[in-house]
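Notes follow once the structure below has been shown.
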Amino acid sequence: MGNRIVTKKQLSENVFTLEVESSLIAKARKPGQFVIVGIDAEAGERIPLTIAGADAEAGTITLIFQRVGKTTAQMADLEVGQEIGYIVGPLGMPTHIEKLGTVVCVGGGIGNAPLLPIATAMKAAGNKIITILGARTKELIILEDDFAKISDELIVVTDDGSYGRKGLVTEPLEEICGGDDKPDLAVVIGPGVMMKFCSQVTKKYDVPTQVSLNTIMVDGTGMCGGCRVEVGGETKFVCVDGPEFDGHKVDFDQMLRRLSAYKSQEQKAHQAYLDHKCRIGLKRNS
Amino acid sequence: MTDSEKLLQDLLAKQQTEKLKPKDRYEIPSQPMPAQDGVVRRNNIEEVATGYTETQARLEAMRCLQCKNAPCVAGCPVKIRIKDFVTEIADGNYGEALAIIKENSLLPAVCGRVCPQEVQCQEKCTVGKKFKDVDQAVAIGRLERFVADWDKNEGSIPDVATETGKKVAIIGSGPGGIVVAADCRRAGHDVTVFEAFHKPGGVLVYGIPEFRLPKAIVKEEIDVLGKMGVKIVCNFIVGRTRTIRQLMEEDGFDAVYVGVGAGLPKFMNMEGEQLVGVYSANEYLTRANLMKAYQFGKGADTPIAISKKVAVLGGGNVAMDSARTAVRLGAEKVYLVYRRSEIEMPARVEEVHHAKEEGIDFRILQNPKRVLGTEDGYVKGLECLKYELGEPDDSGRRRPVAIEGSEFTLDVDTVIVAIGNGANPLIGQTTPGLEFNRWGNIVVDENCKTSLDGVYAGGDIVLGAATVILAMGQGRIAAAAMNEFLQQDQ
Ligand SMILES: Cc1cc2nc3c(=O)[nH]c(=O)nc-3n(C[C@H](O)[C@H](O)[C@H](O)COP(=O)(O)OP(=O)(O)OC[C@H]3O[C@@H](n4cnc5c(N)ncnc54)[C@H](O)[C@@H]3O)c2cc1C
Ligand SMILES: Cc1cc2nc3c(=O)[nH]c(=O)nc-3n(C[C@H](O)[C@H](O)[C@H](O)COP(=O)(O)OP(=O)(O)OC[C@H]3O[C@@H](n4cnc5c(N)ncnc54)[C@H](O)[C@@H]3O)c2cc1C
Ligand code: SF4
Ligand code: SF4
Ligand code: FES
């Protein structure tokens, strides 16, 4: 019934790419949209992942994910030929792609994955693309080559200076916003904290800013309200109204708090999965 | 022999010689529904009401006066021949009773459990009227459940007519969708049900909890569809994965039924609703039921708030289900905050009764003003206002009015908002030409046909949040119209 893994690549210690058969979604999806994935229909979690790319002809979509908890750990353990339990989508509003002039694209960590299809489409629409990619350290920079292909200018920064410039993405962003060629739009995708600070910088220079929010989700169709955030004083559902919003209006602090609501249970589930794997491993060896 | 068995025997013996008189029937005590103990059941998710025994069922059925005009039938939205099936039960002919029910209702095991009988069939019952107490009416729903459960192992598969070659798409696998699928398949059409979630059943699986409607019952009904040759495609969101237009123009579907339910949670738009620990009932119940959060750490990994003190806002079935689920997830104190009085509560009377037995603290004529949070963004309390009843409003119910200065705070760590659902806009946004009213519900004619040819709709997306039996009733009407449309189209 599909969802078969066609290729698998490890991009860094905890980041993986899967190309998965999903012909209807491959055909219907647009940049900026995501899917909800579940490994176990009986008792598992449903997690949202951006569609990082798609091949409508081959009927495959590409997912790039970071191993952070139980479900992503389970996914990382799947091999080519195996099937992902279920995939549903495409979900969310597509990115509004338009020729604006100069677009600065800022990616942090795993945020590079959802950023790539947007940057690619913005380039194809005729925009000048300046890309800033940031990560804690060199090994965590993903998709640099892909961005190099579509960017007119590419800046890489690392927190520890192990690669590119040392520092945070906000620094080159501030230089660009304050420079002569003031961008017409900033697209910022990464950890919540990063999006918050980038939005503060762009606000100072009055550069319109799009962020892509990664709230916790259940259904992805507007039915549960679990993904809600406050944007400009109004309640919005990230899964249907987003995931992209005006970064100058999002209440990031609240979003970050809601994101950590289940921390202790998530850790328990993850640990139980690791223990379980470990026990199976022991059995095999003995 | 128990007293009940003895009574039944005496009555049967008496019937041998003469017909029972109304007086004899009035003397039969109304049979209570056996239920799990209120304290024990706080700690399990098993069904609360355990069902009539055969003796109880026959005694209850004998209470029916077999009224000539059978007023009860008018109270049933699908017009089940109540008098006739109850008579069969009294005579011990359960198979015949079930066959009569199935003429009009395809899901008796479900409706017998969840219909709000006290405002439908049982409200009109002569016996209840005689005692001036609807609780004394013939327990039609319980009898319906009894025969449906009795049938458990004989699950018959309806006959399917010769293949017509026509394709029918059903969007949403709730009770309405299930009924349309069965009726269209019986007519020989090639039927596919598309469901957004990873399991079929609609509200019957993600909303109504296990302790009120065991999921095995719903699964059986879905399995019957499968055996009839209905295709069920989960993880398929019409409007996203494919649009209605694509289904009809590119994928060859000749007719479509839209049964997508309500599915847009209402919030109160009060301060503090974004705090961690505030849920819509939809999210809370979906996590708990569909995704089995009650088994967290024991086979499931769906997280849910670990609550000590919970406030549920609302007075309908959804609110009762949320409150009773919270109890089962281990909350020590659960408040149910409702701004009108108990008579106005839209929930089924039995659920209100069960909720009270389970220790839920009813706070009627109270309404929240804002949610109070800790510094790091978690719920720490609910500020409420006291209310009193004023003049009747549009709905004929007396309007609740806030008493100024009556603020007080409930000490809670979780708030579940269960004040109803609006219509999910997805189908509207992706189906040009489909007509909606100003509340976002699909407009249909008396045959459940929409403004688009070949497209029919029913259930909550048409009626607003309604009931299982109303969704099924519309499903029947729609299926009949669709079958006729497909025949003309030949
Ligand atoms: C629209 C959208 C698109 C996304 N796209 C991607 C993507 O392309 N690649 C990718 O790696 N991740 C993406 N995410 C985040 C991804 O969904 C989470 O990393 C995932 O849910 C973690 O699941 P888990 O069971 O492995 O970890 P868990 O143990 O459930 O969570 C581990 C930690 O991750 C955080 N987390 C939990 N759920 C989410 C969530 N839904 N979103 C963000 N963080 C979460 C929490 O802080 C938690 O403590 C996206 C999220 C959204 C909303
Ligand atoms: C908690 C709760 C308790 C209730 N208790 C009772 C009760 O005791 N008695 C009673 O009579 N009624 C009760 N109701 C109301 C009753 O459940 C509903 O009226 C009834 O289920 C409506 O049926 P429906 O056929 O319209 O579809 P629903 O049951 O609402 O199902 C619709 C289905 O469509 C799917 N769907 C939605 N959009 C799409 C899409 N775009 N593509 C594919 N699939 C889609 C949904 O995932 C869902 O599975 C309760 C409701 C709730 C929420
Ligand atoms: S379907 Fe519901 S309303 Fe009709 S007879 Fe049965 S319980 Fe009563
Ligand atoms: S109204 Fe009551 S007593 Fe009369 S036929 Fe119906 S169920 Fe029997
Ligand atoms: S995930 Fe449920 S409403 Fe957005």
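Interface area, chains A and B: about 3700 Å² of buried accessible surface, summed, with a 1.4 Å probe and ligands, DNA and RNA left out. Of the trypsin sites (Lys or Arg not before Pro) found in the stretch B:378-448, the ones in coil according to DSSP and having at most 15 other Cβ atoms within 10 Å of their Cβ are B:R397, B:R438.
Averaged per residue, the stretch A:102-259 has 37 square angstrom of accessible surface, using a 1.4 angstrom probe with ligands and nucleic acids left out.
Would you please classify the overall shape of chain B from the alpha carbon gyration tensor, given that a ≥ b ≥ c denote the square roots of the eigenvalues, rounded means a/c under 1.5, and beyond that prolate means a/b larger than b/c while oblate covers the rest? Judged from the Cα gyration tensor, chain B comes out oblate (a/c at least 1.5, b/c at or above a/b).
A 1.4 Å probe run over the stretch B:266-420, with the rest of the protein chains in place, finds 40 Å² accessible per residue. From the square roots a ≥ b ≥ c of the eigenvalues of the alpha-carbon gyration tensor of the stretch B:1-130, which class results: rounded (a/c under 1.5), prolate (a/b over b/c), or oblate? Note, shape of the stretch B:1-130 comes out oblate.
Distance between the pseudo-spin-label points of B:E332 and A:D152 (7 Å out from Cα toward the beta carbon): 6.4 nm. Dipole orientation for the protein assembly as shown: of the candidates B:A169, B:G330, A:V187, B:G330 has the Cα lying most toward the positive pole (charges on Cβ; Lys, Arg +1; Asp, Glu -1).
What are the residues of the stretch A:221-236 that lose 50 Å² or more of accessible area, with a 1.4 Å probe, going from their chain alone to all protein chains? Those are A:T221, A:M223, A:C224, A:R228, which lose 50 Å² or more relative to the chain on its own.
Amide H contacts of B:R398: B:D393, each under 5 Å away and 5 or more positions distant or on a separate chain (H built 1.01 Å from N in the peptide plane; Pro and chain starts excluded). Classify the stretch B:446-486: rounded, prolate or oblate, from the alpha-carbon gyration tensor (a ≥ b ≥ c, eigenvalue square roots; a/c under 1.5 rounded; otherwise prolate if a/b is larger than b/c)? Here the stretch B:446-486 falls in the oblate category. Charge dipole of the stretch A:102-259 (Cα centre as origin; +1 on each Lys and Arg Cβ, -1 on each Asp and Glu Cβ, all else neutral): 260 debye, rounded to the nearest 20. Using the 1.4 Å probe convention, the accessible area of the stretch B:82-173 works out to 41 Å² per residue with neighbouring protein chains retained. Peptides A:61-74, B:44-57, A:4-17 ordered by packing proxy, namely the average of other Cβ atoms within 10 Å per residue, highest first: A:61-74, B:44-57, A:4-17. Residues whose amide H comes within less than 5 Å of that of B:V193, counting only those at least five positions distant or on another chain, are B:I170, B:K231, B:I232, B:V233 (H built at 1.01 Å from N in the peptide plane).
In whole percent, how big is the carbon plus sulfur part of the accessible area of the protein assembly as shown, probe 1.4 Å, protein atoms only?
50
Residues of the stretch B:228-246 that bury at least 30 Å² of accessible area once all protein chains are present, compared with their chain alone (1.4 Å probe, heavy atoms only, ligands and nucleic acids left out), are B:N235, B:I237, B:R240, B:T241, B:R242.
In this label model, B:K23 and A:Q267 are separated by 7.6 nm, measuring between points 7 Å along each Cα→Cβ vector. Across B:R399, A:R165, the residue with the most accessible area heads the list, and the full order at a 1.4 Å probe is B:R399, A:R165.
The values are calculated or read from the model by the stated rules, or taken from the named source; none is laboratory data. Remember, it's a predicted structure, so these values are computed and weren't measured experimentally. Glycine gets a Cβ as well: all are built from the backbone with ideal geometry, and neighbour counts include every protein chain shown. Quick note on the areas: whole protein, heavy atoms, side chains included, nothing else; ligands and nucleic acids left out. Shrake-Rupley method; radii C 1.70, N 1.55, O 1.52, S 1.80 Å.
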